[in-house]
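> Have a look at this one before I ask anything.
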Amino acid sequence: MPSVLDNALYEMFCGANMGWAAYPGMSHAAYTCIASSGDAEQQALYLPRIASGEWAGTMCLTEPHAGTDLGLLRTRAQPRADGSYAVTGTKIFISGGEQDLTDNIVHLVLARLPDAPPGVKGISLFIVPKFLPAAEGGLGERNALACGSIEHKMGIHGNATCTMNFDGATGWLLGEVNRGLAAMFVMMNHARIVVGVNAIGLMDAAYQKALGYARDRTQGRAPTMAARSGPADPILAHADVRRTLLTQKAYVEGTRAFALWASQLADVQHRGADPKERERAATLLALATPIVKAFSSELAVECTSMAMQVFGGHGFIADNGVEQHLRDARIIPLYEGANGIQAMDLLGRKVLADGGAGLGLFLDAVEQFAQPQDDGPCEFAEPLSDVVALARRAAREQIERAALDPHAAGAAAIPFLRLIGHVALAWMWARMAAVAQARRASDDPHYRAKLATARFYFERLLPETQSLAVVLAADASDWTAGELDWL
Ligand SMILES: Cc1cc2nc3c(=O)[nH]c(=O)nc-3n(C[C@H](O)[C@H](O)[C@H](O)COP(=O)(O)OP(=O)(O)OC[C@H]3O[C@@H](n4cnc5c(N)ncnc54)[C@H](O)[C@@H]3O)c2cc1C
């Protein structure tokens, strides 16, 4: 299925239940890894069974002392005479590590060979199934691995997060020796877009609940109201409640448009006919990936909290269902590369490392849209051009500062990502507004809503970029260097 369609659908699964949706989500990730790095025999054995849902997949990277820094991992793989490996070690926080939904669980495990170099260059990837495949792909003996415990978590209770102990479990090398992390990253880049999509599904589910509640719940009198009935007005009549709901709507629809744009880039990168277009799509996708993951997930925490605010105290009560979205949302900025790491990826690898070339390509595309189009000038041309200029200035400043101060990029990464996230959303809203303008004669409420929300976004949310620019211009050396013994 094309990524763009797959992600549009997966967003709905996540809006329904993000914890549960992680089971097929992890299987999809394992599938992608085996499809890109497995040999013909491995692909023939595992892929059809994972695709059909008979077998599930997991990704086993994290260890107690090795989270972000996978170079520290200690799980060992000892070669055996028959070509298989004995895998020994403990992995923690493994999504879907144990369950009885599927006949078998295919664990993809990062481990070190005895002679592996230290750090990330000595990590290989292994297929370690719960049940060893028998002849004809049936199930054989139980492998030497077990779930040690299931975590008690803040959210995503619909998914078992497990400690997995591998005690000389039989595994097979997937891809090349010492290239395990590279094999994993093929999948991880895809997964980062997918977790951004998770965030959007949650935001939308929470927003829909909040909107429904605001229509029903009556409290107080609004200053003006076309028709009044009963002793109080629906809280939707209050300007502050509208502000909260419109903020959620603008972020849900803006991030959705951007995530789908990124998904389309993935399709062009993998299946485009023109090599130049494929290369351009790959550059833009590399830039967009940390933004989709980190900006959408940050907004999901903010927006699910806003949805709870619309419910007042009733939002805090579990029966009303909205608190689950806030609890579920909180994991997304943490896993699949914590947001701080995503932000460093954007600023460090995708901006500083190439002197801003990839970002320039993206900003040129946005600026192009601010120019008059065939069907007339863009209503948001000025704020769009302004925010592009602001982003260019901020990127230049960061490139200059990074040359002088090794901590500067780390200090600026998160505000920088948020600034570029807003550029992306401003572009998406200008594009959606242009379509709505072209259809305005139809008086379709969908297009009216799009235009009104675009105006809200440009007037009320995009101005945050001004304060981000001030933060980014500030010198951080007084708190980034030295021991910080005063904290
Ligand atoms: C519910 C759940 C499900 C999970 N599912 C899986 C799974 O299926 N498979 C799997 O392998 N793992 C899984 N994880 C693990 C998850 O990916 C890790 O928690 C995540 O990678 C962060 O690692 P850590 O928790 O060890 O945090 P740390 O790496 O200890 O990071 C702590 C903080 O320090 C910051 N930090 C760390 N290093 C740096 C640096 N160099 N520069 C700047 N800041 C830094 C981080 O941004 C973070 O804010 C899951 C975790 C949870 C909670």
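> Would you pick out the residues in the range 262-301 that are under 25 Å from A338 (Cβ atoms) and more than 14 Å from the chain's Cα centre (by Cα)?
Matches in the range 262-301: L265, A266, A282, T283, L284.
> Restricting the search to the range 336-359, which residues are buried (at least 17 other Cβ atoms within 10 Å of the Cβ) and either more than 12 Å from the ligand (Cβ to nearest atom) or hydroxyl-bearing (S, T, Y) (or both)?
Residues satisfying the conditions are L346, K350, V351, L352, G356, G358, L359.
> Restricting the range 132-159 to residues that are of a type in the set (A, V, I, L, M, F, W, C) and outside any strand (DSSP E or B), which is nearest to the ligand (Cβ to nearest atom)?
Here the residue is I156.
> If I filter the range 65-88 down to residues being away from the ligand (no atom under 12 Å from the Cβ) and assigned to a strand (DSSP E or B), which single residue comes out as surrounded by the most Cβ atoms within 10 Å (Cβ to Cβ)?
Applying the filter and picking the extreme gives A77.
> On the phi < 0 side of the Ramachandran plot, buried (at least 24 other Cβ atoms within 10 Å of the Cβ) and in contact with a strand residue (DSSP E or B) (Cβ under 6 Å, 6 or more places away or on another chain): is that true of T58 in this structure? Explain how you work it out, then say what you get.
On the way: on the phi < 0 side of the Ramachandran plot: yes; buried (at least 24 other Cβ atoms within 10 Å of the Cβ): yes; in contact with a strand residue (DSSP E or B) (Cβ under 6 Å, 6 or more places away or on another chain): yes.
For T58, the condition - on the phi < 0 side of the Ramachandran plot, buried (at least 24 other Cβ atoms within 10 Å of the Cβ) and in contact with a strand residue (DSSP E or B) (Cβ under 6 Å, 6 or more places away or on another chain) - is met.
> Just checking, does the range 107-121 include any residue being assigned by TED's automatic domain parsing to the domain that holds H152, within 12 Å of the ligand (Cβ to nearest atom) and β-branched (V, I, T)? Spell out how you get there, then give the answer.
Of the residues in the range 107-121, the ones assigned by TED's automatic domain parsing to the domain that holds H152 are 107-121.
Retained after the next criterion (residues that are within 12 Å of the ligand (Cβ to nearest atom)): 107-110.
If we keep only those that are β-branched (V, I, T) too, we end up with 109.
The answer is yes; a qualifying residue exists.
> Continuing with this model, one more query. Those residues that are touching a Pro at 6+ places or on another chain (Cβ under 8 Å) and either modelled with pLDDT under 95 or farther than 30 Å from R431 by Cβ (or both), I need them from the range 205-252; list them, please.
D216, R217, T218
> Let me ask something else. Looking only at helices (runs of 4 or more DSSP H) that lie completely in the range 418-487, which have at least 3 residues being under 13 Å from L390 (Cα atoms)?
464-473
The values are calculated or read from the model by the stated rules, or taken from the named source; none is laboratory data. Please read these numbers as outputs of a predicted model, since none were measured by experiment. All Cβ positions, even for glycine, are placed from backbone atoms using ideal geometry, and neighbour counts span all protein chains on display.
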